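Q: This is the structure, below, for whatever I ask next.
The values are calculated or read from the model by the stated rules, or taken from the named source; none is laboratory data. Because the structure is predicted, anything quoted here is derived from the model rather than measured. As a convention, Cβ positions derive from the backbone with ideal geometry for all residues, glycine included, and neighbour counts pool all protein chains shown. Side chains are part of the model used for accessible areas, which takes the heavy atoms of the whole protein and leaves out ligands, DNA and RNA. Shrake-Rupley method; radii C 1.70, N 1.55, O 1.52, S 1.80 Å.
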Amino acid sequence: MSLPQRVRLVEVGPRDGLQNEARPIDVADKIRLVDDLSNAGLGYIEVGSFVSPKWVPQMAGSAEVFAGIQRKDGVTYAALAPNFRGFEDALLAGVKEVAVFAAASEAFSQRNINCSISESLDRFLPIMEAARLHGIRVRGYVSCVLGCPYEGEVAPKQVASVANELFSMGCYEVSLGDTIGTGTPGATRTLIDTVAANIPRGKLAGHFHDTYGQALVNIYASLLEGVQVFDSSVAGLGGCPYAKGATGNVATEDVVYMLDGMGIETGIDLDALIAAGQRISEVLGRPNGSRVAKARLSA
Ligand code: HMG
Ligand code: MG
């Protein structure tokens, strides 16, 4: 398959990144991060989550973040909603696009959202119906697509089945999450090929955590399989509170650098992105998780 001319990046740093921080982060810093990202040319930013604050305290201020950001035309500002309550809260906060999230492993589903896979899918149905009424697009996630922290191996067919449920209920795109970053390129290609038996490749996205250093090569493998949308996190922020030891998503800066080098457009200004990532890393008191940013900033 030939490589695409353009790739769409979904920036998940303010959500997948910051949800994992133990220390409270000021709403003003979250707002600044989102605004820095839209100014750097990101066209899609996952700003926060409307989940239980007991489960993920760091996302508790998501409505305030939505209230404070400067919304730019053409930029999608999205949020996670695990249930109808979350969807309603997202609506009240003026969110125009939400994401629901299921898992390909039963054990992860229980730990992450306290219900079975099929219960989670049932919970999403009223969200889909209300979203249609309100003209809100819904994106779907499947976690643990290339391995589960509790169950180990996950069969591609199991991932395909959950992805298919999400797509059939109306998710316009399904993001395949390598939550613990254990996937390798061959497994990634097999996975996409299996999922693509039911869902067009143009409706799939790749979401690679970089725990094992495989994320960029898995993105390349996905490009070869016809996937053109990838989730990434500025400065490689994050992890998952329900997947111990999982590091952040692949750093957006590193993906942009790779795609720039391949002549694939993203519409993102790498220097502005590096500045955004460095700023939030300093706020968090963390080393910058982007290799490209580290190299550029020390040059
Ligand atoms: P539960 O405890 O089973 O829910 O949690 P419940 O309905 O029994 O409610 C318990 C309490 O939570 C009640 O409050 C509810 O009101 C409240 P109480 O009466 O005890 O004071 N509650 C809520 N509060 C705010 N917003 C809501 C909400 N719903 C109920 N929406 C639940 C079930 C799904 C709520 C919980 O397990 C939860 O919030 N989980 C979220 C976990 C999460 O956010 N994980 C990280 C995101 S997923 C991820 O990172 C993976 C991804 O990046 C892809 C990848 O990498 O694989 C997407
Ligand atoms: Mg994730």
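Yes or no, residue by residue, for (1) under 26 Å from Val154 (Cα atoms); (2) in contact with a Cys (Cβ under 7 Å, 6 or more places away or on another chain):
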| site | (1), (2) |
| --- | --- |
| Ser52 | no, no |
| Arg85 | no, no |
| Ala107 | yes, yes |
| Cys115 | yes, no |
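Q: Has the range 161-177 got any residue that is in a strand (DSSP E or B) and either hydrophobic (A, V, I, L, M, F, W, C) or more than 18 Å from Glu225 (Cβ to Cβ) (or both)? Walk me through how you get there before you give the answer.
A: First, pick out the residues of the range 161-177 that are in a strand (DSSP E or B): 173-177.
With either hydrophobic (A, V, I, L, M, F, W, C) or more than 18 Å from Glu225 (Cβ to Cβ) (or both) added as a condition, the list becomes 174, 176.
Looking through the range 161-177, at least one residue is in a strand (DSSP E or B) and either hydrophobic (A, V, I, L, M, F, W, C) or more than 18 Å from Glu225 (Cβ to Cβ) (or both).
Q: How do the pairs read when you match residues in the range 21-50 that are on the phi > 0 side of the Ramachandran plot with residues anywhere that are assigned to a loop (DSSP other than H, G, I, E, B) and surrounded by fewer than 20 Cβ atoms within 10 Å (Cβ to Cβ), using Cβ under 7 Å and keeping only pairs 6 or more apart or on different chains?
A: The qualifying pairs are Gly41/Gly267; Gly41/Asp269.
Q: Answer yes or no: is there a residue in the range 204-214 that is surrounded by 20 or more Cβ atoms within 10 Å (Cβ to Cβ) and away from ligand 2 (no atom under 16 Å from the Cβ).
A: no
Q: Another question about this same structure. Among Ala221, Ala295, which is the only one that is of a type in the set (Gly, Ala, Ser), open to solvent by 10 Å² or more (accessible area, probe 1.4 Å) and assigned to a helix (DSSP H, G or I)? Even if it seems obvious, please write down each step before you answer.
A: Details: Ala221 fails: open to solvent by 10 Å² or more (accessible area, probe 1.4 Å).
So the residue among Ala221, Ala295 that is of a type in the set (Gly, Ala, Ser), open to solvent by 10 Å² or more (accessible area, probe 1.4 Å) and assigned to a helix (DSSP H, G or I) is Ala295.
Q: Pick from Ser109, Ser118: which is part of a helix (DSSP H, G or I) and crowded, with 19+ Cβ neighbours inside 10 Å? I'd like the intermediate steps shown before the answer.
A: Details: Ser118 fails: crowded, with 19+ Cβ neighbours inside 10 Å.
Being part of a helix (DSSP H, G or I) and crowded, with 19+ Cβ neighbours inside 10 Å holds for just one of Ser109, Ser118, which is Ser109.
Q: Restrict the check to the range 65-85 and report whether at least one residue is open to solvent by less than 20 Å² (accessible area, probe 1.4 Å), closer than 18 Å to Leu284 by Cβ and not acidic (Asp, Glu).
A: yes
Q: Then there's this: Return the residue satisfying two criteria in turn: it lies in the range 20-63 and is more than 15 Å from ligand 2 (Cβ to nearest atom), in a loop (DSSP other than H, G, I, E, B) and open to solvent by less than 40 Å² (accessible area, probe 1.4 Å), and of such residues it is farthest from Gln278 (Cα to Cα).
A: Once the filter is applied, the top-ranked residue is Phe50.
Q: Going by what's in this entry, would Phe167 be described as surrounded by 16 or more Cβ atoms within 10 Å (Cβ to Cβ) and more than 16 Å from Asn198 (Cα to Cα)? If you could, list the steps in order and put the result at the bottom.
A: Working: surrounded by 16 or more Cβ atoms within 10 Å (Cβ to Cβ): yes; more than 16 Å from Asn198 (Cα to Cα): no.
No; evaluated as a whole, the condition is false for this residue.
Q: Just checking, which of Ala79, Ala102 is touching a Lys or Arg at 6+ places or on another chain (Cβ under 9 Å), more than 15 Å from Val27 (Cα to Cα) and of a type in the set (Gly, Ala, Ser)?
A: Working: Ala102 fails: touching a Lys or Arg at 6+ places or on another chain (Cβ under 9 Å).
When all the criteria are applied, what remains is Ala79.
Q: Which condition from (1) in contact with a Ser or Thr (Cβ under 6 Å, 6 or more places away or on another chain); (2) away from ligand 1 (no atom under 11 Å from the Cβ) is the one that Cys148 breaks?
A: Only one criterion is unmet by Cys148, namely (2).
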